[in-house]
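Undergrad: To start, I am sharing the structure in question, which I have written as structure tokens.
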Amino acid sequence: MSRRALRRLRGEQRGQEGPGLGELGLDPGPERAREGGPPPAPGKGPRGPRRAGVSNRFELIPAEESEDEPAAGEERPDTRLSEQDTAGGSQEGSKDRSEEGAVTEETDGDGQREGQEQPDQKLATNNKPRKKKKKRKTKKNSAGETVEDNDLEDIDSLLERIEDPGLAPQSQGGITTDSRPLLYVEHRNLNPENELKRYFGARAVLGDQRPRQRQRQYVRSMWLTAPKNTWPRYSKTGITMQLLDTRRGVQHFTFEHHREYQQVQFKFLDAVESMDPNNIVLLLQMNPYHVDSLLQLSDVCRMQEDQEMARDLIERALYSLECAFHPVFSLTSGTCRLDYRRPENRAFFLALFKHLMFLEKRGCPRTALEFCKLILSLDPENDPLCVLLLIDFLSLRAREYTFLTRLFQEWESHRNLSQLPNFAFSVPLAYFFLSQQEERPELERSQARERAARLIQLALIMFPSVLMPLLDRCSVQPDARVASHPFFGLNAQISQSPALNQLTSLYVGRTHALWKDPAVMAWLEPHVHEVLRMVEAQDALVQEAEHKRKIRYQSAPRNIYRHIILSEMKEATAALPLEVTSQPVMGFDPLPPLDSIVSYTRPERTSHPSNESTLSLFFRSLLPNFNLQGDIRHDGDEEAGAAQDLNQGVNRLMAAMRDMLANIQFQEPPRDDNPEGDGDWD
């Protein structure tokens, strides 16, 4: 008889046979006899000790078990076996668990004799509430020693203090994070979203971008920019990067254009000469990742006030160039160089510079500073885009005062940074901000205060023409003594050279907002009066600074002109010399170096014959396909075919005139359909 039929005969409901007949107190003898299995051991069910007659299996679950569950690694005392072989097995299992670090309880005599008790006594004991044994949670550290919770809390707090950059202690040699290279670039600071998250939070920055990122069809990890779903699918553009050589631990790289990319570059130059942006748009539709086309079209969009599209095109250009990186090329090491004299490398410099300008306008000065350090690390000796005129402003905006002071200290000896107006004024301003930080020691604050006072006085003596325009941009009226003194007056601005005027105008126009703080003006005022006292006393420093201004700053180098053009500061652009403003400036290559290293040249375009007559040029303007001279003969029988060429030319001219006269249509004057008219003229 089947199990189902047997259950029906006994009047059981479905689901009551789950724990087993032996556990429910029923006699499994007949069933085992039919199945041919051995009878169960006395006092045992098929799954353990037999329990007194229970008709509902849920009665086997005591109410206390849900509240007093054994911890991981503990054993239930009622599940231990009393037989010798099973006891040995349980001892081996407990030994293995103890080797793995699990904590087990000691077995007492009651637990060993539990398997021999009667079933009704076991059920009675199971219904009693158990006493919970409180156990101290212990963990193992890396050395294998157990550590209690209190010690773990101390370790966690210590780790948090170590990871905090503001509380990071010095190492054994007294060297902190400043031991890294000066132009070290951090990958996490190249992502503007990280900076925006620090300002506004991740929820405000990301918003609903997360589900759209999961649906992206292609994902390629990049450091400079992230690909967008709206961009065309990337394919190889024909740009590669090669390692030229390695000298003194510095690796020199260069971009290379394959033949296919060169052909696209020639088409781009033709489109630029046509002065029609639509030709560049058509070229980008065929080659969506052509870098120079993206740079040039970005300038066009920016002039049309489409800032979002202009920024998107620059990011696409960076993405195209980063996909062509050499496997050894590193953005963070500061030891990889690119030569700006090679035209293939200029696009990378320009794309980085324009990208950091967009980041600064977007409100991400820390990310823009990291890109500025990256540009400077690519060619720190020549600095083709002269980012030294910008790095001080970004450091002050990002509140990286320590980096700016360190740059001044390490580079002043061989780069003479104090001779640039931006460093002469920004470095003491950085020391002043450091002296205002209350979390710094008092000794360090006093030293920063002294350095700020000394450097700002030297800056005012060396560049007196900065003060009055700076106060004017800050809407601050100077006192009568300062306004009437000739040292800071209009004469100081007129007497300076045009090159120095460009530098001072660039600094005032860019950083005047940083000087509007009332605390800064209150700090500046006594030092201005101290400089006037030194001028009236005819101090030697004043005369020496005047002599330096006359000898130096005669003409600005080409990289400063290039920086002013890219920065688009109206005050500085107006001071550019005529030799710069008179020549055309292209956004994809402004003011190329005079000593460029050209790897391939553009083929000469076929020009029209220069000996055409005026009549021929007139007909060519009307009919572009008209050619009076026909095909040019390059063989030696030019004189023999001169008469034939003349006849053919005359015939073409007559045919062109007939076509022109046939297409001329004379329009009749408009007829007056108003029969009444306006009356007769008297």
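Undergrad: Exactly one of (1) open to solvent by less than 70 Å² (accessible area, probe 1.4 Å); (2) over 32 Å from the mean Cα position of the chain (by Cα) is unmet by Leu578. Its number?
TA: Of (1) open to solvent by less than 70 Å² (accessible area, probe 1.4 Å); (2) over 32 Å from the mean Cα position of the chain (by Cα), only one is false for Leu578: (1).
Undergrad: Now for a separate question. For region 325-336, what are the residues that are surrounded by fewer than 19 Cβ atoms within 10 Å (Cβ to Cβ) and within 16 Å of Glu256 (Cβ to Cβ)?
TA: Once the filter is applied, which keeps residues that are surrounded by fewer than 19 Cβ atoms within 10 Å (Cβ to Cβ) and within 16 Å of Glu256 (Cβ to Cβ), region 325-336 yields His326, Pro327, Val328, Phe329.
Undergrad: Okay, next question. Taking the condition surrounded by 22 or more Cβ atoms within 10 Å (Cβ to Cβ), within 25 Å of Met275 (Cβ to Cβ) and either β-branched (Val, Ile, Thr) or under 15 Å from the mean Cα position of the chain (by Cα) (or both), does Ala317 pass?
TA: Yes; evaluated as a whole, the condition is true for this residue.
Undergrad: In the list Val476, Val482, which residue meets the criterion of being at pLDDT below 95, of a type outside the set (Ser, Thr, Tyr) and touching a His at 6+ places or on another chain (Cβ under 8 Å)?
TA: Testing whether each residue is at pLDDT below 95, of a type outside the set (Ser, Thr, Tyr) and touching a His at 6+ places or on another chain (Cβ under 8 Å) leaves just Val482.
Undergrad: Related question: So, in region 553-575, of the ones that are of a type in the set (S, T, N, Q) and open to solvent by 20 Å² or more (accessible area, probe 1.4 Å), which residue ends up modelled with the highest pLDDT?
TA: Here the residue is Asn559.
Undergrad: Also, I was wondering about something else. Specify the residue that is surrounded by the most Cβ atoms within 10 Å (Cβ to Cβ); the eligible residues are those in region 469-501 that are of a type in the set (Gly, Ala, Ser), in a helix (DSSP H, G or I) and touching a residue at least 24 places away in the same chain (Cβ under 8 Å).
TA: The qualifying residue surrounded by the most Cβ atoms within 10 Å (Cβ to Cβ) is Ala492.
Undergrad: Then there is this: For region 530-549, indicate whether the set of residues that are within 30 Å of Leu356 (Cβ to Cβ), assigned to a helix (DSSP H, G or I) and either outside the structural domain of Leu429 (by the TED database) or free of Cβ contacts under 8 Å to residues at least 60 places away in the same chain (or both) is non-empty.
TA: No, every residue in region 530-549 fails to be within 30 Å of Leu356 (Cβ to Cβ), assigned to a helix (DSSP H, G or I) and either outside the structural domain of Leu429 (by the TED database) or free of Cβ contacts under 8 Å to residues at least 60 places away in the same chain (or both).
Undergrad: Take the conditions assigned to a helix (DSSP H, G or I) and either within 29 Å of Glu256 (Cβ to Cβ) or free of Cβ contacts under 8 Å to residues at least 12 places away in the same chain (or both) and apply them to Ser377. Does it pass?
TA: Yes: the conditions hold for Ser377.
Undergrad: Something else now. Can Gln285 be described as open to solvent by 40 Å² or more (accessible area, probe 1.4 Å) and under 28 Å from the mean Cα position of the chain (by Cα)?
TA: yes
Undergrad: Turning to a different aspect of this structure: Of the conditions (1) in contact with a Leu (Cβ under 6 Å, 6 or more places away or on another chain); (2) surrounded by fewer than 23 Cβ atoms within 10 Å (Cβ to Cβ), Phe371 clears all except one; give me its number.
TA: Status for Phe371: all satisfied but (2).
The values are calculated or read from the model by the stated rules, or taken from the named source; none is laboratory data. Only a predicted model underlies this, so the values are computations on that prediction, with no experimental measurement involved. Virtual Cβ from ideal backbone geometry, glycine too; neighbours counted across all protein chains shown. When the accessible area is computed, the model is the full protein with side chains, heavy atoms only, and any ligands, DNA or RNA have been set aside. Shrake-Rupley method; radii C 1.70, N 1.55, O 1.52, S 1.80 Å.
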